[in-house]
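Below is one structure; the comments refer to it alone.
Bear in mind that the values in this text are calculations on the coordinates, not laboratory data. The structure displayed is predicted, hence computed values, not measured ones. Quick reminder, even Gly has a Cβ in these numbers, built from the backbone with ideal geometry, and neighbours come from all protein chains shown.
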Number of protein chains: 2
Amino acid sequence: MDSLLKRINLEIAAIGGKRSRSRAQVIEVFFRTGPHATLEDLAQAVRKRNRTVGYATVYRTMKLLAKLGYAKELDFGDGLKRYESNLESHHDHLVCQECGLVSEFQEPRIESLQEQVAKQHGFLPTMHRLDIYGLCRQCAVAGKKEN
Amino acid sequence: MDSLLKRINLEIAAIGGKRSRSRAQVIEVFFRTGPHATLEDLAQAVRKRNRTVGYATVYRTMKLLAKLGYAKELDFGDGLKRYESNLESHHDHLVCQECGLVSEFQEPRIESLQEQVAKQHGFLPTMHRLDIYGLCRQCAVAGKKEN
DNA sequence: CTCCATAGTGAATTTGAATTTCATTATCAT
DNA sequence: ATGATAATGAAATTCAAATTCACTATGGAG
Ligand SMILES: [Mn+2]
Ligand SMILES: [Mn+2]
Ligand SMILES: [Zn+2]
Ligand SMILES: [Zn+2]
């Protein structure tokens, strides 16, 4: 974590940036917070530790982390941007439309089929997004009982 | 097309709605326009035919078509809502990050693997979104030449 | 160390697509 | 025809996100 922050600061310096306490705090909170946190979530968590940090800095820092490749921007269609660490391996998402639970999965066969599809279209893929929406186990069971 | 509008009007009546000239024009333009049109695109097209139609009516009508199941809302992450007809069969999208070209594909093996994944997680899927981002054939070629 | 160009900050403001409001008009069952 | 109410369009509002700007902090040059 400390070495991670050091590495990030090096990269920031490499592109002509300086260090700052606020930004370091945002980065630390981000990597300590669970995945799929909204900007609001992150801002709350940061400001709980240091009230003086402004929303703008949280927003700017997350954009920066995304640019450097450390964070991924997510959008599950609820009008809120979410972020997750890009250090863990690639995965896709199951999003519960009832309770908002987001779970993750990996399916190499889907990944490879996507590559095939892209190739067939002469398309050079750089990323993809696969979100499956529906009801999580809990909410599916609860829904059945209501009938 | 005419019978489609009639069918839609019947469904609208069934839920206590009335008909209107403006709405009929929006619906007609929507089904005549290519897929993945933004709300702005649709509003422009409608107003080209009839200046008096307000943006609000275009927006409301598209939301209504989505609710009735005739239109699908799309979001390719550029901050603009897009709509496509839901009468054609399901497909996913290849989105060029350079020129904006959106192409479509169907891959039943991916669809079926998604079902499997959902089932494994006790998840009851209602829909999914798979977008592959990258460079279309044209832009990939153009990019190579620049190096 | 001191200087100082410039990156970073946070409060406040702005942006911009989408939605909502509201007074008016259009639809349609009776 | 009448009246209840759905639909309209201009304008106002919403809201997350981005931007502005006066000020502060950083860090390389000398
Ligand atoms: Mn995730
Ligand atoms: Mn499509
Ligand atoms: Zn759930
Ligand atoms: Zn292209």
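Overview of results
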item	result
Calculated label separations, A:Gly77, copies of the chain, 7 Å along the beta-carbon direction, nm	1.6
Angle between chain B longest axis and helix B:55-68 axis [Cα atoms, degrees, rounded to 10]	70
Number of partner chain Cβ atoms within 10 Å, mean per residue of A:107-120	4
Charged-residue dipole, Cβ positions (Lys, Arg, Asp, Glu), region A:92-146 about Cα centre, Debye nearest 20	140
Computed helical MRE - 222 nm, chain B, DSSP H runs ≥ 4 contributing -39500 (n - 2.57), nearest 500	-15000 deg cm²/dmol
Neighbour net charge for B:Lys81 - beta-carbon separation under 12 angstrom, K R +1, D E -1	-3
Rounded, prolate or oblate (a/c below 1.5 giving rounded, otherwise prolate when a/b exceeds b/c) for chain B by Cα gyration tensor	oblate
Between helix B:2-14 and chain B: long-axis angle, C-alpha atoms, 0 to 90°, nearest 10	70
Anisotropy class of the protein assembly as shown from Cα gyration tensor, a/c 1.5 cut	prolate
Around A:Asn9: net Lys/Arg minus Asp/Glu count, Cβ-Cβ under 11 Å	+3
Counting DSSP beta bridges with both ends in region A:92-146, the antiparallel % (nearest 5)	50
Any cysteine of the protein assembly as shown lacking a neighbouring Cys Cβ under 4.7 Å - listed by number	A:Cys99, A:Cys139, B:Cys99, B:Cys139
Unit charges at the beta carbon, dipole of region A:7-147: most positive-side option, A:Leu68, A:Pro35, A:Leu80	A:Leu68
Folded to 0 to 90 degrees: helix A:108-120 orientation relative to chain A principal axis, Cα	90
Neighbourhood charge, 13 Å Cβ-Cβ cut-off, centred on A:Arg49 and excluding it, Lys, Arg +1 and Asp, Glu -1	+4
Shielding by partners, peptide A:126-138 (average Cβ within 10 angstrom, other chains)	6
